[in-house]
Amino acid sequence: MRTPRHILRRPLPLSAFVRLSAFFPFKNAVDKNTALCYTHVMIRMLAPQDKALFLAMSEEFYASPAVEHSVPRQFHEDAFDEIMRQGPYLTGYLLLDGDTPAGYALLQKTYSREAGGLTIWIDEIYLRPAFRGKGLAKELFALAHTLGAKRLRLEVEPENARAVMLYQKLGFRASEYRSMVKDLSAPSPSCTSS
């Protein structure tokens, strides 16, 4: 039986890496207690010792044209703290090229009635410029395919043509829905007293 290319090629000791299946149970994985290792790519969950690295890369990402606007530094800190809580809806991954940190990804999970089950939101994927075009993002998507979801979902700035082309190559299509948001930093006018 041929091993799919996104499945572990060689086992790595659990002591060297954070257990990837802590948030999403693996289906069809060779060994749930090891990190995934590709020819030159390794993906592992963010760990407490990665905080400074994550904060630096997160700030790089939010200073780039890939996002609508920057966010306060506290938002980066809060995101890392939430990832470390290992709650049910947000997981952070570190992407490495060999031993060199190359980027990070944040995955969220939700239930979709339209998809008929678990949906994985690829909320953020950031690769430092020197590591783009090396296949790291493709390997992250290969990992996402093993997480038991019925649908993968992401957002992309329309001007980010390179990312749009990659996502289309990987089978993503534009949704007919328009994404809308409402920030809740202040009470809704309908909730205030007269």
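Residues that are under 25 Å from residue 164 (Cβ atoms) and out of contact with any helix residue (DSSP H, G or I) (no Cβ under 6 Å at 6 or more places or on another chain), at least 3 per element: which helices (runs of 4 or more DSSP H) completely within the stretch 40-146 meet that?
51-62, 136-145
Going through 140, 107 one at a time, which residue ends up being within 27 Å of residue 52 (Cβ to Cβ) and touching a Ser or Thr at 6+ places or on another chain (Cβ under 6 Å)?
On inspection, the qualifying residue turns out to be 107.
Mind checking whether some residue in the stretch 93-101 is surrounded by fewer than 16 Cβ atoms within 10 Å (Cβ to Cβ), of a type in the set (Ser, Thr, Tyr) and over 20 Å from residue 67 (Cβ atoms)?
Looking for residues that are surrounded by fewer than 16 Cβ atoms within 10 Å (Cβ to Cβ), of a type in the set (Ser, Thr, Tyr) and over 20 Å from residue 67 (Cβ atoms), one finds at least one in the stretch 93-101, hence yes.
Of everything in the stretch 102-123, what is surrounded by 19 or more Cβ atoms within 10 Å (Cβ to Cβ) and small (Gly, Ala, Ser)? Give them in sequence order.
102, 103, 105
Bear in mind that the values in this text are calculations on the coordinates, not laboratory data. Quick caveat, the model's predicted, so the values are computed rather than measured. Cβ: placed from backbone, ideal geometry, glycine included. Neighbour counts: every protein chain shown.
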